[in-house]
Amino acid sequence: MNETILVVDDEKEIADLVELYLRNEGFGVAKFYQAQPALQYAGQNRLSLAVLDVMLPDMDGFTLCQRLREHHLWPIIMLTARVEDIDKITGLTLGADDYITKPFNPLELVARVKTQLRRYTRYNTPREEQPPSSAIEVRGLSIDQGSHKCTLNGKEVTLTPLEFSILWHLCQRRGRVVSSEELFETVWGERYLENSSNTVMAHIARLREKLGEPPRRPRYIKTIWGVGYTVE
């Protein structure tokens with residue numbers, strides 16, 4: 001296993017514990033207690049995933065997540081002591097793929113890391129290993145599963161693997177309403193729980209932002225209140 005995980009947490013005991021469990025599973029670990037040196041390291045080295053604490057001394061984890069997402073598509077998992085839904089939604093909206101609330105079970109964290117890496121690897125395999133190209137066009141929006149590219153009116157839209165998977169699933173089912181439960185269990189591959197709808201909603205909001213969708217009158221991804229989402 002040659003994946004290297006970026007771990008950023010100012011609580012040394014937690015950072016060391018996360019490092020221990022990840023190394024026991026064969027992962028390389030780049031560990032930092034502050035955001036700035038982690039950001040600099042990420043710009044100069046190859047990484048596969050990041051685990052970020054929200055409360056950091058020099059920069060909050062939300063900002064660090066946003067800065068990393070400007071240049072990197074690999075998964076980001078947030079560690080947070082905050083339990084409010086708004087904090088979780090904030091992280092997801094800024095580009096995080098998942099979050100874990102402290103205190104947490106290190107084995108659960110390792111399982112989440114593996115799940116995110118499987119999803120990321122599935123959508124970033126070399127082109128010659130991918131199935132024949134299959135593209136969908138919707139009023140100037142083009143999404144191609146073979147090349148894993150999305151364009152809007154000829155201009156490429158940079159999507160994370162998770163965002164691409166959401167959009168592809170909706171476009172494949174163009175004209176029908178997809179429930180939050182179906183979307184979550186298909187894309188995330190996990191059982192739908194009470195707060196899973198917030199996770200879906202946050203990623204839909206970020207997708208709309210990238211597509212330049214007006215919040216009140218989206219052109220592509222429309223909300224059918226109480227039912228789900230649809231691409232018409």
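With the simple spin-label model, which puts each label point 7 Å out from Cα in the Cβ direction, the residue 225 to residue 121 separation comes to 4.4 nm. Computed in the context of the full set of protein chains, the accessible area of the stretch 98-227 at 1.4 Å probe radius has 49% of its extent on carbon or sulfur.
Springs between Cα atoms under 10 Å define the GNM used for the chain, and in it the highest mean-square fluctuation of 217, 118, 173 occurs at 217. Straight-line cross-link partners of residue 155 among the lysines, defined as a Cα under 16 Å from its Cα and at least 8 positions apart when in the same chain: 210. Sparse packing (at most 10 other Cβ atoms within 10 Å of the Cβ) combined with a DSSP loop state is found for the following GluC sites (Glu not before Pro) in the stretch 169-227: 194. What separates the Cα centres of the stretch 143-212 and the stretch 9-72 is a distance of 26 Å. Accessible area per residue for the chain is 50 Å², calculated with a 1.4 Å probe on protein heavy atoms, without ligands, DNA or RNA. Per-residue 3J(HN,Hα) values for the stretch 73-78, derived from phi via the Karplus relation 6.51 cos²θ - 1.76 cosθ + 1.60 with θ = phi - 60°, read 9, 5, x, 10, 10, 9 Hz in sequence order (x marks Gly and Pro).
Using only helices, what value at 222 nm comes out for the chain when you add -39,500 (n - 2.57) per DSSP H run of length 4 or more and divide by the total residues, to the nearest 500 deg cm²/dmol? Show your work: numbers first, answer last.
Numbers: 8 runs with 93 residues, N = 232.
Result for the chain: -12500 deg cm²/dmol, rounded to the nearest 500.
In order along the stretch 28-43, the Karplus-derived 3J(HN,Hα) couplings, from 6.51 cos²θ - 1.76 cosθ + 1.60 at θ = phi - 60°, round to x, 9, 10, 10, 9, 9, 9, 6, 4, x, 5, 5, 5, 5, 4, x Hz, and Gly and Pro are given as x. Shown for the stretch 1-64: the carbon plus sulfur share of the solvent-accessible area, taken with all protein chains present and a 1.4 angstrom probe, equals 46%.
For the options 138, 157, 51, a Gaussian network treatment of the chain with springs between C-alpha atoms closer than 10 Å singles out 138 as fluctuating the most.
Remark: the Cα gyration tensor places the stretch 160-232 in the rounded category, a/c being less than 1.5.
The values are calculated or read from the model by the stated rules, or taken from the named source; none is laboratory data. Quantities reported herein were computed from a predicted structural model and do not represent experimental measurements. Here Cβ is always computed from backbone atoms with ideal geometry, including for glycine, and neighbour counts include all displayed protein chains. What goes into the accessible areas is simple: the full protein's heavy atoms, side chains included, and nothing from ligands, DNA or RNA. Shrake-Rupley method; radii C 1.70, N 1.55, O 1.52, S 1.80 Å.
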